[in-house]
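S.K.: Pasting in a structure now, in structure tokens, and then I'll have a few things to ask.
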Amino acid sequence: MAVPGRRDDRANNRALRLLTAGIAGASEDASGSDWHGRHLVHLAVAHQQAGDTSTARSVLDEARAIADATASLPLAGQVTEAVRRLSVTA
């Protein structure tokens, strides 16, 4: 899973800012959707790339809850992969 900023701190900071704003602006209905969970995974990866593993883990917990609630196998797979990557780098 690629997130802008993997090797560029400015791009990663921009990704953090834009993802955070988009997620915060989601309606209550949208915040439980599969696509919202995917945005959370991307946000978690950006936090990881910025060195904030604690926030990354917290955001992944939110994404996992959405995957469980929606029974979304693709989202569950993305969460599992992000957790694996976080465990390798933490």
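The values are calculated or read from the model by the stated rules, or taken from the named source; none is laboratory data. Worth saying up front: this structure is predicted, and the values here are computed from it rather than measured. All Cβ positions, even for glycine, are placed from backbone atoms using ideal geometry, and neighbour counts span all protein chains on display.
S.K.: Search segment 74-90 for residues being crowded, with 16+ Cβ neighbours inside 10 Å and of a type in the set (A, V, I, L, M, F, W, C), and hand back the single one that is modelled with the lowest pLDDT.
M.R.: Across segment 74-90, the extreme among qualifying residues is L86.
S.K.: A further question on this structure: So for segment 8-21 (the condition being small (G, A, S), in a helix (DSSP H, G or I) and either loosely packed, with under 12 Cβ neighbours inside 10 Å or out of contact with any Gly (no Cβ under 6 Å at 6 or more places or on another chain) (or both)), does at least one residue qualify?
M.R.: Checked segment 8-21: at least one residue is small (G, A, S), in a helix (DSSP H, G or I) and either loosely packed, with under 12 Cβ neighbours inside 10 Å or out of contact with any Gly (no Cβ under 6 Å at 6 or more places or on another chain) (or both).
S.K.: Now a separate question. Report yes if some residue within segment 63-73 is loosely packed, with under 14 Cβ neighbours inside 10 Å and among the acidic types (D, E); otherwise report no.
M.R.: yes
S.K.: Looking at the structure I just gave you, is S31 part of a loop (DSSP other than H, G, I, E, B) and either modelled with pLDDT of 95 or more or of a type in the set (S, T, N, Q) (or both)?
M.R.: No; evaluated as a whole, the condition is false for this residue.
S.K.: Residue by residue through segment 37-53, note down the ones that are part of a helix (DSSP H, G or I), surrounded by fewer than 22 Cβ atoms within 10 Å (Cβ to Cβ) and modelled with pLDDT under 95.
M.R.: T53
S.K.: Which of the residues that make up segment 54-77 are in a helix (DSSP H, G or I) and not aliphatic (A, V, I, L, M)?
M.R.: Correct list: S54, T55, R57, S58, D61, E62, R64, D68, T70, P74, G77.
S.K.: Right, A11: small (G, A, S) and touching a Pro at 6+ places or on another chain (Cβ under 8 Å) or not?
M.R.: Here the answer is yes, as A11 does meet what is asked.
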